[in-house]
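The next block holds one structure in the form of structure tokens; read it before the comments.
Values quoted throughout were computed directly from the atomic coordinates according to the rules given, and no laboratory measurement underlies them. Note that the structure is predicted; figures quoted are calculated from it, not measured. Don't worry about glycine lacking a Cβ; one is built from the backbone with ideal geometry, like all the others, and counts go over all protein chains shown.
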Amino acid sequence: MKSKVAIAECRTYRQEPAERAIETVLDLLGGWQEFVSPGETILLKPNLLARCEPEKACTTHPQIFAAAARSLQKEGFENLLYGDSPGNHLMGTEQTAEGCGIRQEAEALGIGLADFSKGEKVMYPQGYEADHFVLCSGVRSADAIINLCKMKTHQLERITGAVKNTFGCVYGFNKAASHARFPNADSFAKMIADLNLLVKPRLHIMDGVIAMEGNGPHSGEPMPMYVILASADPVALDSVFCRLVDLDPALVPTNVYGQEYGVGTYEEERIQILTEEGEVSMAEAVSKWGNADFNVERGADFKGQLNAIRFLQPLLDRKPYVKKQLCVGCGICVQACPLEEKAIYLKNGKPAYRYRTCIKCYCCQEMCPEKAIDVKQGRLARLADRNWKV
């Protein structure tokens, strides 16, 4: 059976068009009754990476959150809560949600905040990469999770969408600690696949009205894509996102291990794309909504033939660096580093790196509120991307 991915066009975040797009993708997938049952406690889990204005396209837009919530309430599902674990563990969910505009929408709709203030260790012996997680209590107490993710780029995994957004179910500092436990793109993606198998969101809705390209997931630039995507299969949803921005889904580790571990599929022939006009092919969807100029890392990233020369890895790694003219010396990047001996520290009031200990998790870049940290490739890495693709 093919995985269904519904696409609806949405060219503005105004309330009526947003609600129409959400209703459209839900109707195409069979309605809410396919995913939730009366009486269940339903957790709406947006992307609340950081406290920033909706216009920056860093977090799930409050109108998409509100549209999904209203749609559920209209169908009689009243036991709704919301929550996410922000990237900065020192800032609470409620404060972050307020800065993103989601707290205000939730309160207007009578939706309370789930308990993301504490965590519970959950053993997961069947995990392929991770044998336990520390999950937020609100995740543990929910009957059903609706994943309201954002269409964005990501320095570690190339993109962050439905699969990666479940990382916000992990409690507080344990998110940063996970980067230390799983320090590269592959091991981190394997852990994320395990997490998806554990928490099992019922439905994934992606806010792609205004996406983020470039230096994501926090410091990139807004890019209109004008779509809402939805699917019960997060890997299939993310792979459609990839195709829309001319990125091979097989180059995204969360897709690769998501499929390998049974979370979903990224293979085009196993995905059915549904629209208001009927079923369309991937090529037709790309023709209508695609953007080949979308700024995302498309290089093969040193696979295949390069395995024989892995001793060159230090010269091939992509390193974070500080744009000193933008840095204000706030120290949030230092707080975000998951290592006990920080790979980044303040020197004369500005961040500096210990690259020998840096694990290239890019938490510093992810959490910088001033867009003052970017990631660069050396000449050898750029040459490898051009000449050794697989």
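Rank 225, 38, 353 by how far each Cα sits towards the positive end of the charge dipole of the chain (+1 on Lys, Arg Cβ; -1 on Asp, Glu Cβ) and give me just the farthest.
353
Take the chain, connect every pair of alpha-carbon atoms lying under 10 Å apart with a spring to form a Gaussian network, then pick out the residue of 230, 292, 142 with the largest mean-square fluctuation.
Of 230, 292, 142, the most mobile in the Gaussian network model is 292.
Is there a quick way to get the dipole size of the chain? I mean about its Cα centre, with the Cβ of Lys and Arg at +1 and of Asp and Glu at -1; what is the value in debye to the nearest 20?
The dipole magnitude comes to about 1960 debye.
Sort 61, 132, 89 so that the residue with the fewest other Cβ atoms within 10 Å of its own Cβ comes first and the one with the most comes last. Write down the numbers at each step before the final one.
Values: 61 24, 132 13, 89 17.
Ordered from fewest to most neighbouring Cβ atoms within 10 Å, 61, 132, 89 come out as 132, 89, 61.
Could you state the number of Å between the C-alpha centres of segment 139-205 and segment 334-379?
21 Å
Nearest 20 debye, what's the magnitude of the dipole of segment 183-271 about its Cα centre given +1 on Lys and Arg Cβ and -1 on Asp and Glu Cβ? Before the final figure, lay out the partial values.
On the way: 5 positive and 13 negative charges, 71 e Å.
Here the size comes out at about 340 debye.
Using Cα centres only, tell me the gap between segment 230-275 and segment 32-91 in whole Å.
Going from one Cα centre to the other spans 22 Å.
Calculate how steeply helix 62-74 sits against the longest principal axis of the alpha-carbon atoms of the chain, using the helix alpha-carbon long axis, and give the answer as 0 to 90 degrees to the nearest 10.
30 degrees
In units of 2.2 N^0.38 Å, what is the alpha-carbon radius of gyration of segment 82-133?
Details: Rg = 14.4 Å, N = 52, 2.2 N^0.38 = 9.9 Å.
Cα Rg divided by the expected 2.2 N^0.38 Å: 1.46.
Which whole-number value in Å³ per residue fits the convex hull of the alpha carbons of the chain? Before the final figure, lay out each step's value.
On the way: hull volume 53.1 nm³, N = 390.
Once divided by residue count, the hull of the chain is 136 Å³.
Given the options 207, 186, 238, state which has the largest fluctuation in a GNM of the chain using a 10 Å cut-off (strictly under) for Cα springs.
Between 207, 186, 238, it is 186 that shows the largest mean-square fluctuation.
Going toward the positive end of the dipole of segment 167-284, with +1 on Lys and Arg Cβ and -1 on Asp and Glu Cβ, which of 282, 271, 189 do you reach last?
The listed residue farthest towards the positive side: 189.
Evaluate the relative contact order of segment 3-289 (contact order divided by residue number), counting alpha-carbon pairs under 8 angstrom at least 6 apart; express in whole percent. Before the final figure, lay out each step's value.
Working: 645 pairs, mean separation 66.3, N = 287.
Once normalised by length, the contact order is 23 percent.
Run the helix sum for the chain: -39,500 (n - 2.57) per DSSP H stretch of 4+ residues, divided by residue count, reported at 222 nm to the nearest 500 deg cm²/dmol.
On the way: 15 runs with 124 residues, N = 390.
When only DSSP H runs of four or more count, the value is -8500 deg cm²/dmol.
Top mean-square fluctuation among 297, 98, 16, Gaussian network model of the chain, C-alpha springs under 10 Å?
In this elastic network of the chain, the residue with the biggest mean-square fluctuation among 297, 98, 16 is 16.
Based on the Kirkwood radius over alpha-carbon pairs, what is the Stokes-Einstein translational diffusion coefficient of segment 115-272 at 20 °C with 1.002 mPa s viscosity, in µm²/s? Working shown, then result.
Values: Rh = 15.6 Å.
My calculation gives 137 µm²/s for D.
Which whole-number percent is the relative contact order of segment 42-137 (Cα, under 8 Å, 6+ apart)?
Averaging sequence separation for qualifying contacts and normalising by length gives 29 percent for segment 42-137.
Just going by the charge dipole of the chain, with Lys and Arg at +1 and Asp and Glu at -1 on Cβ, which of 136, 50, 62 is farthest out on the positive end?
The listed residue farthest towards the positive side: 50.
Tilt of helix 234-244 relative to the longest C-alpha principal axis of the chain, in degrees (0 to 90, nearest 10)?
70 degrees
Given a Förster radius of 25 Å and the C-beta distance between residue 73 and residue 14 as r, what FRET efficiency does 1/(1 + (r/R0)^6) yield to the nearest 0.05? If you can, show how the numbers build up before the last one.
On the way: r = 19 Å, r/R0 = 0.77.
E(calc), rounded to 0.05, equals 0.85.
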